[in-house]
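The values are calculated or read from the model by the stated rules, or taken from the named source; none is laboratory data. As the structure is a computational prediction, the values presented were derived from the model and not from experiment. Positions of Cβ are generated from backbone atoms using ideal geometry, with glycine treated the same way; all protein chains shown enter the neighbour counts. For accessibility, only protein heavy atoms count, side chains too; no ligands or nucleic acids. Shrake-Rupley method; radii C 1.70, N 1.55, O 1.52, S 1.80 Å.
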Amino acid sequence: MALQAAALVPSAFSVPKENLQGKSSASFRDSSLFGVSFSEQLKADFTNSSAVRCKREYNLRNGAVRAQVTASAPSVTRAAPDGKKTLRKGSVIITGASSGLGLATAKALAETGKWHVIMACRDFLKAERAAKSAGISKENYTIMHLDLASLDSVRQFVDNFKRSERSLDVLVCNAAVYLPTAKEPTFTAEGFELSVGTNHLGHFLLARLLLDELKKSDYPSKRLIIVGSITGNTNTLAGNVPPKANLGDLRGLAVGLNGLNSSAMIDGGDFDGAKAYKDSKVCNMLTMQEFHRRFHEDTGIVFASLYPGCIATTGLFREHIPLFRLLFPPFQKYITKGYVSEEESGKRLAQVVSDPSLTKSGVYWSWNKDSASFENQLSQEASDAEKARKVWEISEKLVGLA
Ligand code: LMG
Ligand code: NDP
Ligand code: PMR
């Protein structure tokens, strides 16, 4: 059925065989409508610990949220009544947990009772309402303010987190903006084009600054996850819908994406909001691999990215035209079969956070039509090690780390 989608689309959207690198089934295998129960897969060998109780202090006037840990730091393992050693509750930061994939993942993890979720969000009240309406119980989450479109805010968030003395076991870089109808670029506080500035540069600084916290954690499976997407991968049908991702020679990124003395686009071309988003996803996937190359062996931290499926109903499409928002979900459900519900996507990302079988590092996960995870192939550009190194080095300069 999924293959029929290919027959329906104009040839402009079909992928030349040579571009598929012999992986022609990958994009179609991504398509899934039928979920299976994930409770089996989520049965990690962890149990609950109530050792950490968190008292939250909200300073709404300043937009700052401070978390205070009032109990002693928990040890990694403790003896259960049956004598088996069990894991303490894990601590996971999820950026953009106030809606869509991030919220669904927070819910899926919190429901296991094995995770405390730090919801890193730009809109505190929205996040609080979202957590409540998703039914996440109070002891399983903390909201902390983070605006990825401001590097000061990223640094402030990291300071606040460190002060909370909570351990960091998993970091999920999930938040994103998508501005497909923008005619002119808009910018972050530091003057970077907003999509790349938020989705890539904000997360780049956050992940770099939190790496030490991950290193310090005594949790047995420490992970850093950066959400990618199929639309950044030109070895798929979806990645060939124009405008296509292309970082070019990085000339725009190198001079700061500010639209003044340079283009607002990474490749130095004319502004296109949809392309900027797809480029930012390529940066996310390259960054994950560069982290893996630089730090996996020494730290044991698992670095991963994923395409969670097409979650056609999320807030990501809020800026798209109403006709698109109306047609996109049925198009993905009935034609491409790439649609997944928010709930299903949340279970997928929760697997990447905590499933004991998804511990391979440097990997881009996807799910097949039976909702089974598999290691997917990235496009040539999204797996270009030389480009990854250059993106890393330029990004370091832009965010003030080099
Ligand atoms: C670009 O335009 C902009 O140029 C760029 O700046 C940026 O914004 C970018 O990615 C963002 O978009 C893309 C533009 C055309 O897309 C739109 O904004 C229009 C909305 C397109 C929505 C896609 C779904 C269309 C499919 C409709 C069918 C849904 C019905 C479902 C019901 C199921 C019932 C069983 O984007 C294009 O790519 C144009 C391509 C147009 C060709 C359409 C292709 C065909 C797909 C096969 C569907 C055939 C079904 C026909 C049914 C028609 C019923 C009305
Ligand atoms: P949503 O718009 O529902 O969620 C995005 C989240 O990011 C929101 O919580 C939003 O906050 C937050 N956010 C945006 N800007 C900032 C910022 N400056 N600082 C902090 N948080 C911010 O979209 P999705 O859930 O769909 O997207 C989540 C991830 O999934 C993204 O990385 C996206 O690229 C990826 N993805 C999505 C797909 C889909 O089909 N939807 C497919 C493939 C990947 P607020 O609630 O305040 O707006
Ligand atoms: Mg796409 C197997 C086919 C497939 C899949 C899995 C997606 C996912 N898309 C597919 C096919 C097509 N899309 C086809 C054939 C078309 C032309 C009609 C098409 C169009 C389209 C548009 C206009 N698709 C889109 C848009 C968007 O604006 C979305 C986007 O590119 O955001 C960057 C989008 C998406 N399609 C997807 C997914 C997952 C998206 C959402 C964005 C993302 O990657 O995060």
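A few comments on the model shown:
- So Phe204, is it surrounded by fewer than 18 Cβ atoms within 10 Å (Cβ to Cβ), aromatic (Phe, Trp, Tyr) and either away from ligand 2 (no atom under 12 Å from the Cβ) or on the phi < 0 side of the Ramachandran plot (or both): no
- When Ala245, Ala176 are screened for being within 20 Å of Trp392 (Cα to Cα), within 13 Å of ligand 3 (Cβ to nearest atom) and open to solvent by 20 Å² or more (accessible area, probe 1.4 Å), only Ala176 passes.
- Among helices (runs of 4 or more DSSP H) entirely within region 268-372, having at least 3 residues that are within 15 Å of ligand 1 (Cβ to nearest atom) singles out 273-291, 322-330.
- Scanning region 91-137 for residues that are among the hydroxyl-bearing types (Ser, Thr, Tyr), under 19 Å from the mean Cα position of the chain (by Cα) and away from ligand 3 (no atom under 16 Å from the Cβ), we see that the one that is least open to solvent (accessible area, probe 1.4 Å) is Ser91.
- Region 308-328 - residue that is open to solvent by 90 Å² or more (accessible area, probe 1.4 Å) and of a type in the set (A, V, I, L, M, F, W, C) and, of those, farthest from ligand 3 (Cβ to nearest atom): Leu326
- Among the residues listed as Lys369, Lys333, Lys347, the single one being crowded, with 22+ Cβ neighbours inside 10 Å and farther than 23 Å from Glu290 by Cβ: Lys347
- Among the residues of this structure, Lys244 does not count as one that is within 25 Å of Val172 (Cα to Cα) and of a type in the set (Lys, Arg).
- No other residue among Gly256, Gly252, Gly269 is more than 9 Å from ligand 3 (Cβ to nearest atom), of a type outside the set (A, V, I, L, M, F, W, C) and open to solvent by 10 Å² or more (accessible area, probe 1.4 Å) apart from Gly269.
- Filter result for Lys333 (near ligand 3 (Cβ under 10 Å from one of its atoms) and either touching a Cys at 6+ places or on another chain (Cβ under 7 Å) or of a type in the set (D, E, K, R) (or both)): no
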